[in-house]
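Engineer: I'd like to ask some things about the structure below.
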Amino acid sequence: MIRYLVRRVLGGLVTVWFIATATFFAMHAVPGDPLLNDKAVTPEIRANLEARYGLDQPILTQYAIFLGHMARGDFGISFTQKNRSVNDIIREHFPVSAALGVLALVFAASGGIVWGALTAQYRNRLPDAVIMFLVILAISVPSFVVAALAQLGILYVNRWFDASVLPVAGWGQLRHALVPALVLGLGTMAFLTRLMRSSLLDVMDADYIKTARAKGVGPFRVFWRHQLRNAVLPVVTVLGPAVAGITTGGFVVELVFAIPGLGRYFVQAVQQLDYTVIMGTTVFYGAFLVAMVVLIDILYGLVDPRIRLQ
Amino acid sequence: MNEATTPMFPELPSSAFAPLSLPESEPLRQQPAASYWSDVWRKLRTNRRAFCSLLIILMLLVFTLIGPLLWPLDPAQPNLDLISRGPTLGGQAQVVDLSRPWVVPQVTSWPVSPVSNAQTLAAPVAIALVEPATTQAVRIQWDPVVGAAGYVVYRNDHQPESNQDLGLPLRTLFGGNQVGHEDRLRLRPGTYWYSVVATNGVDESPVYTTLAVDVHPGVRLRDLPQLGRAGQAGDFVELPAHPLGTDYLGRDLLARLMHGARVSLFIGLTAPLLFVALGALYGGVSGYIGGRTDRVLMAVVDFVIALPFLLFMILFKIAFGIGPGESGILPLLVALVLLSWPGAARLVRGQVLQVREAGYVQAAKLLGGSTLYLVFRHLLPSTFGVLLVALTFAVPSAIFTEAFLSFIGMGVVPPTPSWGSMCNDGMKTMMSHPHELIFPAAMISVTVLAFNLFGDGLRDALDTQLGEPGK
Amino acid sequence: MDAALLEVRDLKVVFDTADGTTHAVRGVSLSVRAGETLAVVGESGCGKSVSFQSLLGLTPTPPGRILDGSAVFNGQTLIENGTLAASVQRGRDIGMIFQDPMASMNPTMRIGDQIAEPLRIHQGLSRRAAHQRAIQLLQQVRIPEPASRVRQYPFEFSGGMLQRAMIAMALGVQPKLLIADEPTTALDVTIQAQILDLLRGMKAGNNMAMVLITHDLGVVAETADRVAVMYAGEVVESTDVESAFERPAHPYTLGLRQSIPDPGAAAGGLTTIPGTPPDLSQPIAGCAYAPRCPYAMRVCAQQAPPPFDLPVDEHGLRRWSRCWLQHPKAPRIKALDQSARGVGDGVA
Amino acid sequence: MALLELRSVRKHFTLGRGRKVHAVDDIDLEVRSQEVLGLVGESGSGKSTLARVITGLHSRDEGSILFDGQPLPRLYRGADFRRLASQMQMIFQDPYSSLNSRMTVSEIVGEGLRLRGVPLTQRQQAAATWLERVGLRPEHLNRYAHEFSGGQRQRIGIARALITEPRFLVCDEPISALDVSVQAQVVNLLGELQENLGLTLLFIAHDLSMVRYISDRMAVMYLGALMEVGPADEVYFKPRHPYTQLLISSNPVADPRQRGRRKVSTGEVGSPVNVPVGCRFADRCPHAMAECRTQTPRLRPVGADHKVACFLY
């Protein structure tokens, strides 16, 4: 198990390095001098940046300096916001995104498991067909459309009750987060529902379920003790990609619902070509996602005795 | 013991016990002699959802390829008269010459002696249209009211019930001799109720006069060439239909959807084809060679998969840069291919590893089949099914990616329309003109839904096909 | 002889598939007496597993469906008029073990917990008592170091050990009947012998009846008291084990017997059964075996044979065969009257 | 005269972390011209690996193989396969995965001829002839493999292997996946073809009575090593090696009157991963001696044409 842990963490670090490298060279391929674009770069920032990133140095030296900064967790200073470091920006906006993401993940995972279990129980009957159609629908409608429709929906609900039942946009309280998190988690929920369904169907036909029933284990206990745990295992393995989906899906939802998260900030930075913010955020997100994947792998190892004990 | 018993032997003629000749050969288990793919096709055809999806996909292709020929409106032609209009089917419009400015009718001879108490002011009389009312302009005038120092003109979309219900105040005219108004404010075909109230300069009279005006479509004389029409002021001309309405620049939504479909479907079909082919080649080679080479090649795949997809799409888009006048489609395509091939590579590698050990491949090897023969005769055809499924599922995700990037302004560059950028535009006017969002969003959703359902059906058909009989 | 412990009459089970209805079990009648071992023999797809799984309500429904029939176990109704009795309590009086022990154990649950589960359900043992009992049971099925083995997971066991654990799990509550569905098919021959030996010992110790579902005639000869031969969803012959090998009364039983090499004789030809079993999704006219039967008569193609009684066996138990050849008017077949190859005068 | 001679053939698979599967360990064996050599053993004994090493589907780590007096390459290249295609062929265990479901029977059976450039019409003719020889009908030529039952598929596999007219046929558990009544059909067909065509057969199975029935000689493997080889009846009725004795007495005999004759062993089948020095069977052997755990026994003759790897003899 320790071996497994060490291997996973080391693999994760190498992957982060790869992401940082890819980011660096991708940004270096940007035509022209990033400091010479039409965005206003004050002389102080310019001097600061040149010193920091040694932009006059050969590319490999720059790369080494860049890696050094990244390793220390220093992502530089924003181009567009005077004297604001990328670290500050991440520190301020990431918790918002994280809170939204966690809520969305909770919605997605619980919804996915419940709906998946339901469809599997009613396999090939009406509830199954209905839920599965909704699932495919949820997968097929772009998140920004869902977000916009949800916003319209809140508007009409508020108008109907003639009161602010839920805020249309903004951030601050739990009620601000509910609908955006639901929208954000919807695609993942649909994906997990599908997976949970097929996984449960596989498990339901497994011989050990027959054994359990032959032993006289009641249907409820068969479901809880024997089916669910085995069916959830493969679902755990895809939580990594699910976190990635929710993270990037957050861009749109934050944009539409005017939530001051890192995603919205990133999109703004992209639109303003704020290079340091783009690079810093990309590496940060990359590292975050890799950490999540490693964490989930380890979690999976803990849940599955076949991995834990080998 | 009460098992099934035979109390008496059934009475039978002795001829019943004559020997029966055995059939010469055994029958086959299944009747239809269908090839692999024709069998898959048969299964697919009987899957109603998948078949409908296939029809929808074909219709979409027709829409994209043939649509613009049948619907020749220019998707880039703005029309500031028709900003954010809902769906219309065109119809007649009267040509209006608005080149001469409208002069408010003035009554020079009217004696001006303002009344101090607005309560005593009468309602205007003889309120009337000056010219036929069109969506370009409604011109009304009325007879002056004795003692009025000015007038307020209101417009409402229903018959006012009281002087509190007069609607939108359009204009306040100061000077009792100005007795007319030209309304050019966002007129739509339909009926408007114009109310005129006299004022003493401070307060309004409690009484009013209302005129119901039927507004008909109108078109400006100078816009006629643009629409490909000719005529004089007062003529009626046929207007172009906008069955899906217009956008915030007055461009025809249907034409934009058709041209946007070209972009979205081009990216949605080309990118998956490219990256699935690339991935298949890579994974196939890796799986077939195996060993150390395989491990190294697959490590690369792992790295590329670990890249946060959308972030790197954006990064690559920025890195490739977009010159002036370019649409940004090519960088999008390249970025998509660069980041998406590993999925197919893994899939094909797995399949190759599995099939490589199958008896029929080993048998072919023993029969003297060269590597090329094995790959092309046995391995590739066996991966074809999963590749096809991967392809159908890659199409919606590519369409999604394009839409997402265009939505955040990182995709196709305006004015080239794509469904994603149209959604982005539509978002801005979502609250007042939802059709601008709904139509492109529906196109994306229907397309993605069709591909998803088709992919599901295809996978089912292939799965049951691969399942062996009797098991 | 005491009355039957399990009595199944005319059981019919179908599977609804996209391509139509498959009649997997087309009217199975059999009985098991207390303490005896009944071997149910047949080739894959003949419905032997489905019959017994549906008795316990283990057939996945849908697509499976009990069409008709009844079953009584120990005076208690299991199936009546094709409906599974709601009161069926599985696992206490009827235990079941399956073919593939690796797949039949829950991979994420400790062996001990899986063995303890029926003890806690049916005997109301506490967690601790059930755990202790599980250790005892593992010891009984001769698993070394049972105290540490109970805490292990199935993947840490070998196939043979898992099958022992399965037996411990099924027999822990001391059922009156054990249904063993191909318990040794997935195992190596040396392990197979151990498992059969263990089953035999446990059965005697618990005075338990056993239904042994198998396709291996060697296993039948080793273990069974009586034999029910199944073909195409029906029991075609029900007889004692000696008669099954020495005096088969159905051509299919004879065919099976002749399809395996005779251990005694020097190399002689194997007599094969031509053809393949019928497609059970198609209607079958007459005897299902007729197209492959070397002795088929006209009546066989037209009318399904009823069960014909045969002389009772040495214990006075009923024997019967569903074959028109047993009709008094039918010609006598030498091969059937005196089995083609003498059995018993083989190896010393 | 030996058609095939194996000398100290070894094949190990590396599992990583220093673990090695001793799939085939120092096997000396000969297959004589026009005989049927039966090879038995439990799972993990390396029978199938040996079959693959012989046909070249696996390379071997050490040792040499002579076919008809000519050494076979350690690692086969395409040209070797082509050259040997008309010398040795193989029949596979799984009747389902051994036929390509995208090909017609005619294409499957004719594949060997196609690879030698035989024109289509001739190929089809030959395929039809071979179908009849294996008991199928020429009408089946244009059918696809999934329409056939397991036994029929095995017949198609046999036709495919024999169409190149090889002298040597390796049958890797060809009947294990089949029903009892169908097993007999396939075994009879193989026996018939062997006799009529003068084939040499290596017949691998775990069903001892079936192997004895079809074989002239019989070889017994345990955990990658050869334990005993000799005339089939002798090995079956007078097994010398304790493992063979155990195997044969464990084998259930289809005769209720001989019930209880079996010896039941204790212990498990060992693992071929990192086998210890000495005799592999020592841990389960009732006669194990001290030297069994320190030295590896070599095959030694114990009678006419009968060899055993055991220190008891």
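The values are calculated or read from the model by the stated rules, or taken from the named source; none is laboratory data. Owing to the predicted nature of the structure, the values given are computational and were not obtained by experimental measurement. Using ideal geometry, Cβ is built from the backbone for each residue, glycine included, and neighbour counts are taken over all protein chains shown.
Engineer: Quick one: residue C:110 ticks every box in (1) within 11 Å of another protein chain (Cβ to nearest Cβ); (2) under 16 Å from residue C:199 (Cβ atoms); (3) modelled with pLDDT of 90 or more bar one, so which box is it?
Structural biologist: (2)
Engineer: A further question on this structure: Filter the range D:136-153 down to residues that are more than 20 Å from residue C:279 (Cβ to Cβ) and more than 8 Å from every other protein chain (Cβ to nearest Cβ) and give me whichever is surrounded by the fewest Cβ atoms within 10 Å (Cβ to Cβ).
Structural biologist: Checked the range D:136-153; the qualifying residue surrounded by the fewest Cβ atoms within 10 Å (Cβ to Cβ) is D:138.
Residue by residue, here is whether (1) at pLDDT below 90; (2) charged (D, E, K, R); (3) part of a helix (DSSP H, G or I) holds:
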position: C:137; (1), (2), (3): no, no, yes
position: C:143; (1), (2), (3): yes, no, no
position: C:174; (1), (2), (3): yes, no, no
position: C:192; (1), (2), (3): yes, no, yes
position: C:203; (1), (2), (3): yes, yes, yes
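Engineer: Which ones in the range A:245-263 are at the interface with chain B (Cβ under 10 Å from one of its Cβ atoms) and farther than 11 Å from residue A:98 by Cβ?
Structural biologist: Correct list: A:245, A:248, A:249, A:251, A:252, A:255, A:256.
Engineer: Okay, next question. Tell me which residues, restricted to the range C:1-37, are at positive phi and either more than 11 Å from chain B (Cβ to nearest Cβ) or without any contact (Cβ under 8 Å) to a residue 60 or more places away in the chain (or both).
Structural biologist: Selection gives C:20, C:35.
Engineer: A follow-up question, please. Restricting attention to strands (runs of 3 or more DSSP E) lying wholly within the range B:115-230, give those where 2 or more residues are more than 38 Å from the chain's Cα centre (by Cα) and more than 30 Å from residue B:77 (Cα to Cα). Lay out the reasoning, then the answer.
Structural biologist: Working: elements: B:125-129, B:138-143, B:150-156, B:168-174, B:180-183, B:190-199, B:209-215, B:218-220.
So the answer is B:125-129, B:138-143, B:150-156, B:168-174, B:180-183, B:190-199, B:209-215.
Engineer: Inside the range C:120-134, can you point out the residues that are modelled with pLDDT of 90 or more and buried (at least 20 other Cβ atoms within 10 Å of the Cβ)?
Structural biologist: C:130, C:131, C:133, C:134
Engineer: Going by what's in this entry, would residue C:228 be described as at pLDDT 85 or above and in a strand (DSSP E or B)?
Structural biologist: yes
Engineer: Only residues in the range A:103-115 that are without any contact (Cβ under 8 Å) to a residue 24 or more places away in the chain count as the first member; pair them with residues that are surrounded by fewer than 21 Cβ atoms within 10 Å (Cβ to Cβ), Cβ under 7 angstrom, at least 6 apart or cross-chain, and list the lot.
Structural biologist: Correct list of pairs: empty, since none qualify.
Engineer: Name the residues in the range A:264-293 that are under 16 Å from the mean Cα position of the chain (by Cα), of a type in the set (Gly, Ala, Ser) and more than 7 Å from chain B (Cβ to nearest Cβ), would you?
Structural biologist: Matches in the range A:264-293: A:287, A:291.
Engineer: Same structure, new question: I want to confirm something. Restricting to the range D:239-268 and keeping residues that are of a type in the set (Val, Ile, Thr) and surrounded by fewer than 22 Cβ atoms within 10 Å (Cβ to Cβ), which single residue is farthest from the other protein chains (Cβ to nearest Cβ)?
Structural biologist: Result: D:266.
Engineer: Out of the residues in the range D:18-58 meeting the condition of being touching a strand residue (DSSP E or B) at 6+ places or on another chain (Cβ under 7 Å) and among the hydroxyl-bearing types (Ser, Thr, Tyr), tell me which one is surrounded by the fewest Cβ atoms within 10 Å (Cβ to Cβ).
Structural biologist: D:33
Engineer: Still on this structure: Taking the range C:71-87 only, how many residues are buried (at least 18 other Cβ atoms within 10 Å of the Cβ) and either over 18 Å from the mean Cα position of the chain (by Cα) or on the phi > 0 side of the Ramachandran plot (or both)?
Structural biologist: Within the range C:71-87, residues that are buried (at least 18 other Cβ atoms within 10 Å of the Cβ) and either over 18 Å from the mean Cα position of the chain (by Cα) or on the phi > 0 side of the Ramachandran plot (or both) number 2.
Engineer: Looking at the range B:183-213, which of its residues are closer than 30 Å to residue B:237 by Cβ and at pLDDT 85 or above?
Structural biologist: Of everything in the range B:183-213, those that are closer than 30 Å to residue B:237 by Cβ and at pLDDT 85 or above turn out to be B:191, B:192, B:193, B:194, B:211, B:212, B:213.
Engineer: Which members of the range D:71-130 meet the condition of being touching a residue at least 40 places away in the same chain (Cβ under 8 Å), at the interface with chain B (Cβ under 8 Å from one of its Cβ atoms) and closer than 11 Å to residue D:164 by Cα?
Structural biologist: Once the filter is applied, which keeps residues that are touching a residue at least 40 places away in the same chain (Cβ under 8 Å), at the interface with chain B (Cβ under 8 Å from one of its Cβ atoms) and closer than 11 Å to residue D:164 by Cα, the range D:71-130 yields D:85, D:88, D:89, D:111, D:112, D:116.
Engineer: Any idea which of (1) modelled with pLDDT of 90 or more; (2) part of a helix (DSSP H, G or I) is the one residue C:197 doesn't satisfy?
Structural biologist: With respect to (1) modelled with pLDDT of 90 or more; (2) part of a helix (DSSP H, G or I), residue C:197 is out only on (1).
Engineer: Return yes or no: is residue C:296 more than 8 Å from chain D (Cβ to nearest Cβ), of a type in the set (Gly, Ala, Ser), buried (at least 19 other Cβ atoms within 10 Å of the Cβ) and on the phi < 0 side of the Ramachandran plot?
Structural biologist: Yes, satisfied.
Engineer: Within the range A:196-211, can one find any residue that is away from chain C (no Cβ under 14 Å), within 14 Å of residue A:132 (Cα to Cα) and touching a residue at least 24 places away in the same chain (Cβ under 8 Å)? So that I can check it myself, show each step before the final result.
Structural biologist: Taking the range A:196-211 first, the residues away from chain C (no Cβ under 14 Å) are A:196-198.
Still in the running and within 14 Å of residue A:132 (Cα to Cα): A:196-198.
Subset that is touching a residue at least 24 places away in the same chain (Cβ under 8 Å): A:196-197.
Yes - at least one qualifying residue is present in the range A:196-211.
Engineer: Going residue by residue through the range A:164-175, is there one that turns out to be part of a helix (DSSP H, G or I), away from chain C (no Cβ under 14 Å) and either in contact with a Pro (Cβ under 7 Å, 6 or more places away or on another chain) or free of Cβ contacts under 8 Å to residues at least 60 places away in the same chain (or both)?
Structural biologist: Yes, some residue in the range A:164-175 is part of a helix (DSSP H, G or I), away from chain C (no Cβ under 14 Å) and either in contact with a Pro (Cβ under 7 Å, 6 or more places away or on another chain) or free of Cβ contacts under 8 Å to residues at least 60 places away in the same chain (or both).
Engineer: In the set B:390, B:398, which member is in a helix (DSSP H, G or I), under 17 Å from residue B:329 (Cβ atoms), away from chain A (no Cβ under 12 Å) and aliphatic (A, V, I, L, M)? Steps first, please.
Structural biologist: Working: B:390 fails: under 17 Å from residue B:329 (Cβ atoms).
It is B:398.
Engineer: Would you mind finding the one in B:328, B:291 that is surrounded by fewer than 20 Cβ atoms within 10 Å (Cβ to Cβ) and not assigned by TED's automatic domain parsing to the domain that holds residue B:136?
Structural biologist: Only one candidate qualifies: B:291.
Engineer: Go through the range C:177-212 residue by residue and tally those that are of a type outside the set (Gly, Ala, Ser), more than 10 Å from every other protein chain (Cβ to nearest Cβ) and over 16 Å from the mean Cα position of the chain (by Cα).
Structural biologist: Qualifying residue count for the region: 3.
Engineer: Can you give me the number of residues within the range D:1-17 that are surrounded by fewer than 16 Cβ atoms within 10 Å (Cβ to Cβ) and in contact (Cβ under 8 Å) with a residue 40 or more places away in the chain?
Structural biologist: Of the residues in the range D:1-17, 3 are surrounded by fewer than 16 Cβ atoms within 10 Å (Cβ to Cβ) and in contact (Cβ under 8 Å) with a residue 40 or more places away in the chain.
Engineer: While we're here: Anything in the range B:148-162 that is exposed (fewer than 15 other Cβ atoms within 10 Å of the Cβ) and of a type outside the set (D, E, K, R)? List them, or say none.
Structural biologist: Passing the criteria: B:158, B:159, B:162.
Engineer: Taking residue A:242 as meeting all but one of (1) among the small types (Gly, Ala, Ser); (2) surrounded by fewer than 22 Cβ atoms within 10 Å (Cβ to Cβ); (3) under 30 Å from residue A:96 (Cβ atoms), write down the number of the exception.
Structural biologist: Result: residue A:242 fails condition (2) only.
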